[in-house]
Amino acid sequence: MARIIVVTSGKGGVGKTTTSAAIAMGLAKRGHKTAVIDFDVGLRNLDLIMGCERRVVYDFVNVINGEASLNQALIRDKNCNQLYILPASQTRDKDALTLEGVGRVLEEMSKDFQYIVCDSPAGIEKGAYLALYYADDAFVVTNPEVSSVRDSDRMLGILASKSRRAERNEEPVKEYLLLTRYDPSRVKSGEMLGLDDVQDILSLQLLGIIPESKSVLSASNAGIPVILDEKSEAGQAYEDVVARYLGEDRPLRFIDDKRGFFRKLFGGRS
Amino acid sequence: MTTSSSVLEFKSSTFFSPILILYSNDLAAIEQSLQDKINRAPDFFKNSPLIIDLRELNKSGLDISVIEVAGMLRKIGMFPIGVRGGNEQQDKQAHKLSIPVDAGRENDSIVATSAAASRKEIETQALEQDSVENNEIRNPASSASRIASVSTPPEPVRSMLITQPVRSGQRIYARGDLIVMSQVSAGAEIMAEGNIHVYNTLRGRALAGVQGNTTARIFCLDLQAELISISGDYKTSEHLTEQIQKRPVQIYLQDHALIIKEIA
């Protein structure tokens, strides 16, 4: 049986799709057969970040409607043969997804995969609800900023009340925190919330802190999950996230402002 | 082909409903008094089912038309779902309106078959409490009507225990006392007819004594609430002074003023 992970946040633009792509790749690279599904029907992005947009023939909605088989729609990643992508439809809207249809597809995939990563759309409407409904684990992606923290808190409430596990009174969805776009220097100067401020409100198990990094944008544009950029801090941080999720103990990195005096003086890449 | 068993199912269950005990047959006075209560907790009373209890009225030999009472209740947004303690004439009127009549045994219970929505939303654990049926001060002389929170079948009012965090957007309503062991986030709303205890940080809205219990209190270990209210008297975070912010406090009502005291 697959473990179903939802990557969610409530707020848009915090890094859900980047995170989905990175952790799915991270899990697959370690030999776990993994699928990543784009639930953002109508605004599909995941295929771009994964660099497979030119190979999309069928999509998630086709599979739900029985217009294509799962095997026809799943795209094997070009960098890792353990990773598959199920893209969203760009021409439909979220009403094309049904609870029953999503359940059927996830059940079929569960037979074959070890991990299924569901990339949730922003908001708390139908698409986000369907992405989290069947989840076993939730990665709550949060930026160190008050509105993002508030939205994540709201999302956690929905996870605790609306998920299938909640409805069936089963063990609750395991919730993890992923703090993204973290800038230690701005935290230090008080412009940005620190880890403690965020945890004060969310109090979740922390999977990792992803530092604000230029490599995220360039990786997105290149269509290569940032976790494959092993030189970048963001890539390494995601690598830690995957390791921690799988039970390894790793010290927290990239939370201190390490930039030296001269680099601060002359700017430069963080 | 659908079999009949997949179309419907009968289940027996009990559910809670407020009972409106009338002490006066002055319809205008009843409406006025109800409206006052509704204004204090509009969300709670909106579309609320209600059982009309006429026993006290008939004991005092006062007559009232069920048709008029039901009409008035519907007008102000409540749903009368039962009548008890009425005389023959009143029972007939109720039947005419398709409102069930309870036989009116002492200590009676009205059992309705309905898919009573269980509040699975939050992991709750009910604690037995020896508390009385309702904790309102009975003062029939001064009020034309009184809403008693009577449980059917009669059982003690239970307090509700919440161990999970109450997140933004979640709402909790306790018919007795409410005890929360985790934090209450900003944007969450907790309400109780009795007292509220929060053994953690309170950042959301907390409303105690929402049915008019002026002796209800709020206790919390770390006050950062957006709003606190007891029996309709409220204060927003703007009006919470620095001295009591982020402190362990108790909040109670004295002459319609909220008193916030630090618990030393």
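The values are calculated or read from the model by the stated rules, or taken from the named source; none is laboratory data. Keep in mind it's a predicted model, so treat the numbers as computed, not measured. Note: ideal-geometry Cβ built from the backbone for every residue, glycine included; neighbour counts use all protein chains shown. Heads up: the accessible areas ignore ligands, DNA and RNA and are worked out on the full protein's heavy atoms, side chains in. Shrake-Rupley method; radii C 1.70, N 1.55, O 1.52, S 1.80 Å.
Looking at A:102, A:36, A:117, can you tell me which residue is buried (at least 16 other Cβ atoms within 10 Å of the Cβ), assigned to a helix (DSSP H, G or I), touching a residue at least 12 places away in the same chain (Cβ under 8 Å) and hydrophobic (A, V, I, L, M, F, W, C)? Talk me through it step by step, then tell me what you get.
Working: A:36 fails: assigned to a helix (DSSP H, G or I); A:117 fails: assigned to a helix (DSSP H, G or I).
Sole residue among the options that is buried (at least 16 other Cβ atoms within 10 Å of the Cβ), assigned to a helix (DSSP H, G or I), touching a residue at least 12 places away in the same chain (Cβ under 8 Å) and hydrophobic (A, V, I, L, M, F, W, C): A:102.
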Being in a loop (DSSP other than H, G, I, E, B) and within 24 Å of the chain's Cα centre (by Cα) is the filter here; which residues of the stretch B:218-264 pass it? B:225, B:226, B:231, B:232, B:255, B:256
Looking at A:200, A:151, which one is out of contact with any Pro (no Cβ under 9 Å at 6 or more places or on another chain) and closer than 16 Å to residue A:16 by Cα? A:151
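Kindly provide the set of residues from the stretch A:194-210 that are within 14 Å of chain B (Cβ to nearest Cβ) and in contact (Cβ under 8 Å) with a residue 12 or more places away in the chain, ordered by number. Break it down stepwise before answering.
So the first thing to find is which residues in the stretch A:194-210 are within 14 Å of chain B (Cβ to nearest Cβ), and the list is A:196-205.
Result: A:197, A:198, A:199, A:201, A:202, A:204, A:205.
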Single condition residue A:31 does not satisfy, out of (1) over 23 Å from residue A:173 (Cβ atoms); (2) within 17 Å of the chain's Cα centre (by Cα); (3) in a loop (DSSP other than H, G, I, E, B); (4) not charged (D, E, K, R): (2)
Hits in the stretch B:166-185 (condition: open to solvent by less than 30 Å² (accessible area, probe 1.4 Å), part of a loop (DSSP other than H, G, I, E, B) and more than 14 Å from chain A (Cβ to nearest Cβ)): B:176, B:177
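Based on what the data block shows, is residue A:154 free of Cβ contacts under 8 Å to residues at least 60 places away in the same chain and either among the β-branched types (Val, Ile, Thr) or open to solvent by 10 Å² or more (accessible area, probe 1.4 Å) (or both)?
Details: free of Cβ contacts under 8 Å to residues at least 60 places away in the same chain: no; either among the β-branched types (Val, Ile, Thr) or open to solvent by 10 Å² or more (accessible area, probe 1.4 Å) (or both): yes.
No.
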Test set (1) surrounded by fewer than 17 Cβ atoms within 10 Å (Cβ to Cβ); (2) small (Gly, Ala, Ser); (3) at pLDDT below 95 - residue A:213 fails condition number: (1)
Considering each residue of the stretch B:13-34, count those that are open to solvent by 60 Å² or more (accessible area, probe 1.4 Å) and at pLDDT 85 or above, and give that number. 4
Going through the stretch A:71-90 in order, the residues found to be without any contact (Cβ under 8 Å) to a residue 24 or more places away in the chain and not aliphatic (A, V, I, L, M) are A:71, A:72, A:76, A:81
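In the stretch A:156-170, how many residues are assigned to a helix (DSSP H, G or I) and more than 8 Å from chain B (Cβ to nearest Cβ)? Quick ask: steps written out before the conclusion?
Here is the first cut: in the stretch A:156-170, the ones assigned to a helix (DSSP H, G or I) are A:156-162, A:164-167.
Those left that are additionally more than 8 Å from chain B (Cβ to nearest Cβ): A:159, A:162, A:164-165.
Total satisfying the criteria: 4.
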Residues located in the stretch A:126-151, provided they are within 29 Å of residue A:194 (Cβ to Cβ), part of a loop (DSSP other than H, G, I, E, B) and open to solvent by 10 Å² or more (accessible area, probe 1.4 Å): A:143, A:145
Counted residues in the stretch A:1-40 being farther than 23 Å from residue A:221 by Cβ and either modelled with pLDDT of 95 or more or aliphatic (A, V, I, L, M) (or both) come to 14
If I go through the stretch A:48-72 residue by residue, how many of them are assigned to a helix (DSSP H, G or I) and in contact with a strand residue (DSSP E or B) (Cβ under 6 Å, 6 or more places away or on another chain)? 2
Note on the stretch B:186-217: residues within 14 Å of another protein chain (Cβ to nearest Cβ), assigned to a loop (DSSP other than H, G, I, E, B) and open to solvent by 10 Å² or more (accessible area, probe 1.4 Å) are B:186, B:187, B:203
Which condition from (1) open to solvent by 10 Å² or more (accessible area, probe 1.4 Å); (2) under 23 Å from residue A:98 (Cα atoms); (3) of a type outside the set (Phe, Trp, Tyr) is the one that residue A:183 breaks? (2)
